[in-house]
Amino acid sequence: MNYHSGEITITEGPLVSIVMVTWQVMEFVKDCLDSIYSQNYENFELIIVDNGSNDGFPDFIKNNYKNVTLVENKKNEGFCKANNQGILKANGEFIFTLNADVVLEKDFIKNILDDAVSENVDVGMFCGKMLRADKKTIDSTGLILSKSRRFYDRGSEKLDKGQFDSDDFNIFGVCAGAAIYRREMLEKVKLDNQYFDENFFFLGEDFDLSYRAKLKGYQAKYIPKSVCYHMRGSAPHNNKFKQILSFRNRYYILLKYETLKSLLPSAHRILIYDITRFLYLMVTNKFLFPTLIEIYKKRMEIKRWRKFSLSQKSR
């Protein structure tokens with residue numbers, strides 16, 4: 001099977017397309033790239049989609065990495081759209097979305113691919129153990145959905161004491177910072193060539209994709225022997241901006257997938273959480289009311305996604 005660049009041919013194992021979205025990453029990206037090229041699984045292609053960096057990163061790639069497919073956006077198009085651009089250029093049977101501030105252990109890809117190849121095709125998403133840069137604090141062992149309809153990274157901020165050292169399916173989905181997806185699954189849950197819903201821009205988009213996949217009947221699997229390290233918070237976004245995106249994207253998810261019947265058993269938990277959060281944001285975040293207007297303006301687009309997503313529900 002050929003690399004996308006056409007310069008290297010490797011036939012062992014399915015091709016993995018690594019899709020990396022970048023924006024102002026020169027400070028830390030070399031460690032990530034070194035960890036990719038140190039993998040003991042060789043059959044991969046690297047596709048980088050740069051969101052208008054002005055720190056010299058695109059030239060750095062052109063001058064030092066000849067087998068990389070580089071897409072250069074003129075502005076920051078967001079994590080979702082840039083990932084979609086990369087996936088559309090990918091040739092692999094598996095798609096590996098990887099943040100530029102993540103460093104992989106050398107057997108990260110191989111450990112997951114060994115499992116993915118032998119696993120039932122209904123397992124469409126895989127993740128490993130993601131630790132923080134200190135190598136002892138958990139960042140993510142998969143995505144979880146709570147009764148109050150909050151989505152979060154399992155084990156986040158806890159010390160790694162081996163409590164998540166067994167393979168399991170006890171997760172809702174996978175964190176797109178270092179996630180491997182079956183291409184076959186992605187093709188079945190996309191709408192208008194959007195694997196990630198571009199309304200999200202970033203934050204929560206991986207949970208949204210996992211939700212669509214779960215409705216379609218796919219499972220997510222956690223494989224702890226695949227380990228990576230995440231420098232969380234490296235993206236130069238304003239905290240208030242990230243806070244309001246998290247708020248907005250939560251409601252996009254609720255509007256796309258939930259019904260009054262599904263929400264009723266947990267209505268008290270949801271109301272307590274959302275009313276408290278709304279009052280806090282009303283006092284602290286100037287973006288709240290413009291965001292509420294944006295949600296209203298997007299109602300028909302969200303309705304279209306809802307119709308598509310629910311139509312995918314396996315019987």
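The values are calculated or read from the model by the stated rules, or taken from the named source; none is laboratory data. Since this is a predicted model, take the numbers as computed values, not measurements. Heads up, the Cβs are rebuilt from the backbone with ideal geometry, glycines too, and the neighbour counts pull from every protein chain shown.
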- Within the range 179-200, work out how many residues are in contact (Cβ under 8 Å) with a residue 24 or more places away in the chain and either of a type outside the set (Phe, Trp, Tyr) or surrounded by fewer than 20 Cβ atoms within 10 Å (Cβ to Cβ) (or both). 15
- Item | Conditions (1) touching a strand residue (DSSP E or B) at 6+ places or on another chain (Cβ under 8 Å); (2) touching a residue at least 40 places away in the same chain (Cβ under 8 Å); (3) outside any loop (DSSP other than H, G, I, E, B): number failed by residue 117 | (1)
- Message: Being under 16 Å from the mean Cα position of the chain (by Cα) and farther than 27 Å from residue 193 by Cα narrows it down to one residue among 19, 103; which is it?
- Response: 103
- Give the range 34-72 a look and list any residue that's touching a Phe, Trp or Tyr at 6+ places or on another chain (Cβ under 7 Å) and surrounded by 19 or more Cβ atoms within 10 Å (Cβ to Cβ), or say none. 45, 50, 51, 53
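Just to be sure before I move on: is residue 8 more than 19 Å from residue 205 (Cβ to Cβ), among the β-branched types (Val, Ile, Thr), at pLDDT below 95 and over 22 Å from the mean Cα position of the chain (by Cα) in the structure I sent?
Against the criterion (more than 19 Å from residue 205 (Cβ to Cβ), among the β-branched types (Val, Ile, Thr), at pLDDT below 95 and over 22 Å from the mean Cα position of the chain (by Cα)), residue 8 qualifies.
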- Between residues in the range 58-76 that are closer than 17 Å to residue 18 by Cβ and residues that are surrounded by fewer than 11 Cβ atoms within 10 Å (Cβ to Cβ), which pairs lie under 7 Å by C-beta distance while being six or more apart or on different chains? 67/7
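Applying the selection to the range 259-281, what residues are closer than 17 Å to residue 248 by Cα and over 27 Å from the mean Cα position of the chain (by Cα)?
If the condition is that a residue be closer than 17 Å to residue 248 by Cα and over 27 Å from the mean Cα position of the chain (by Cα), then 271, 275, 276, 279, 280 are the ones that fit.
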- Query: Which one of 207, 241 is of a type in the set (A, V, I, L, M, F, W, C), surrounded by fewer than 22 Cβ atoms within 10 Å (Cβ to Cβ) and touching a residue at least 40 places away in the same chain (Cβ under 8 Å)?
  - Reply: 241
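Quick one: is residue 110 among the basic types (Lys, Arg), within 16 Å of the chain's Cα centre (by Cα) and in the same structural domain as residue 178 (by TED's automatic domain parsing)? Steps first, answer last, please.
Numbers: among the basic types (Lys, Arg): yes; within 16 Å of the chain's Cα centre (by Cα): no; in the same structural domain as residue 178 (by TED's automatic domain parsing): yes.
Against the criterion (among the basic types (Lys, Arg), within 16 Å of the chain's Cα centre (by Cα) and in the same structural domain as residue 178 (by TED's automatic domain parsing)), residue 110 does not qualify.
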